[in-house]
Amino acid sequence: MKRYIFSIALALVALVASAQIKKPELMVIPSDNWCIANGYYTEVENMGKTEKVPDYKQALQENMGLKLAIAKLNDLMAERQFPLHSLEQAIKNLEQRRMEDHLTTSKAGNELAESPLDEVARMAKCDIILELSWEMKDFGPKHSLSYILEARDAYTGVSIGAASGTGAQSFTADVDVLLEEAIVANMDNFNNRLMDHFTEMQTIGREITLDIKVFANNAAGVDLETEFDGDELVDVIENWLQVNTVQGRFSRQYSSENVANFTQVRIPVYDERGRAIDANGFAKNLSKFLKKEPYNIPSKVLVKGLGRAVIVLGEK
């Protein structure tokens, strides 16, 4: 009897401990391939080339199967206690932000440049994006669904893991039912990969990219080779990064008097208040540091998604 009670107590302790483990926040989106294959995209010019850019809003408005598939996948992840963000709500919030600030530029005319995915991910501020593709196949009166589900780090776009498969043939044609039948067998292994990535990230930090640039002929009269107490400004910035990154992890990819590129910059996952930190917030802290004595350097932080920020020195 005592052994039985002890076993129950251990199980309760394990349950409480597992409930306290922080899990990554997720957002489900249709993959680029699915959007383009189904005609939900716009064409934009990028350096002389025409690119097809997914139109998530059109897809959600016109394709009920997509809404059902996302809702079902959200349900499956919620059952496993993953916090979720709504793609549809993120798009609405983004449009509201655009209405309030139709066009944001620096005084030198530098526009903010983000992909649609960067924009919605930054608005939702999730940790992991789940990209979903599927295809229905008909076998007489029966149907089956083949799917690909790929997890990507929302900050870097790096693939974390993927699951794929084809469900058994069924008389139903409901996307959500077929998706659940096809995907449920692979969910545990897939979720384990998500947790392994997130756990590692909390140990060694989130990875971002930080670019430092200098306004030409800026009023502050500085560049990255300007010296302060014998140290060039780029070295001052490196010293700050050494202190403020996780375990001092970062790499200087390239530097000149006007440009410095820092990659593999590992920043804390959360601040002291438990709020998620992104590249923009991290860059703003560096910007505030450089604005103080003895540097007195004004700067502008440009947003390039959750995982990349640009600080332009010399002017606001």
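The values are calculated or read from the model by the stated rules, or taken from the named source; none is laboratory data. Here the structure is a predicted model, which means the values were calculated and not measured. As a convention, Cβ positions derive from the backbone with ideal geometry for all residues, glycine included, and neighbour counts pool all protein chains shown. Just the protein is used for accessible areas: all its heavy atoms, side chains included, with ligands, DNA and RNA removed. Shrake-Rupley method; radii C 1.70, N 1.55, O 1.52, S 1.80 Å.
Quick grid of which residues meet (1) within 20 Å of Ile183 (Cβ to Cβ); (2) at pLDDT 95 or above:
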position	(1), (2)
Cys35	yes, yes
Lys52	no, no
Asp55	no, yes
Gln58	no, yes
Asn63	yes, yes
Ala90	no, no
Glu95	no, no
Glu100	no, no
Test: residue in the range 204-220 that is closer than 30 Å to Tyr295 by Cα and among the acidic types (Asp, Glu): yes
Qualifying positions in the range 77-88 - open to solvent by 90 Å² or more (accessible area, probe 1.4 Å) and either under 19 Å from the mean Cα position of the chain (by Cα) or among the charged types (D, E, K, R) (or both): Glu79
Residue in the range 133-150 that is of a type in the set (Lys, Arg) and in contact with a Phe, Trp or Tyr (Cβ under 7 Å, 6 or more places away or on another chain) present: yes
Selection within the range 113-150 - open to solvent by 50 Å² or more (accessible area, probe 1.4 Å) and either in contact with a Ser or Thr (Cβ under 6 Å, 6 or more places away or on another chain) or more than 30 Å from Met47 (Cα to Cα) (or both): Glu135, Met136, Lys137, Asp138, Phe139, Gly140, Pro141, Lys142, Ile148
Residue, nearest to Asn33 (Cα to Cα), within the range 122-148, restricted to residues that are over 16 Å from the mean Cα position of the chain (by Cα) and among the aliphatic types (A, V, I, L, M): Ile148
Which numbered condition Thr166 misses (of (1) over 30 Å from Arg266 (Cα atoms); (2) open to solvent by less than 70 Å² (accessible area, probe 1.4 Å); (3) modelled with pLDDT of 90 or more): (2)
Filter result (over 12 Å from Leu286 (Cα atoms) and under 18 Å from the mean Cα position of the chain (by Cα)) within the range 301-315: Leu302, Val303, Lys304, Gly305, Leu306, Gly307, Arg308
Qualifying position, being out of contact with any strand residue (DSSP E or B) (no Cβ under 8 Å at 6 or more places or on another chain), free of Cβ contacts under 8 Å to residues at least 60 places away in the same chain, more than 18 Å from Trp134 (Cα to Cα) and of a type in the set (Lys, Arg), among Lys52, Lys67, Lys57: Lys57
Qualifying residue in the range 205-214 (condition: open to solvent by 20 Å² or more (accessible area, probe 1.4 Å) and assigned to a helix (DSSP H, G or I)): no
Subset of the range 170-200 [under 17 Å from Glu25 (Cβ atoms) and among the hydroxyl-bearing types (Ser, Thr, Tyr)]: Thr199
Ile70 under 22 Å from Asp174 (Cα atoms) and at pLDDT 95 or above: yes
Qualifying position, being of a type outside the set (A, V, I, L, M), open to solvent by 50 Å² or more (accessible area, probe 1.4 Å) and in contact (Cβ under 8 Å) with a residue 60 or more places away in the chain, among Asp174, Asp188, Asp196, Asp153: Asp174
When residues of the range 260-316 are limited to those that are part of a loop (DSSP other than H, G, I, E, B) and on the phi > 0 side of the Ramachandran plot, the one most open to solvent (accessible area, probe 1.4 Å): Asn296
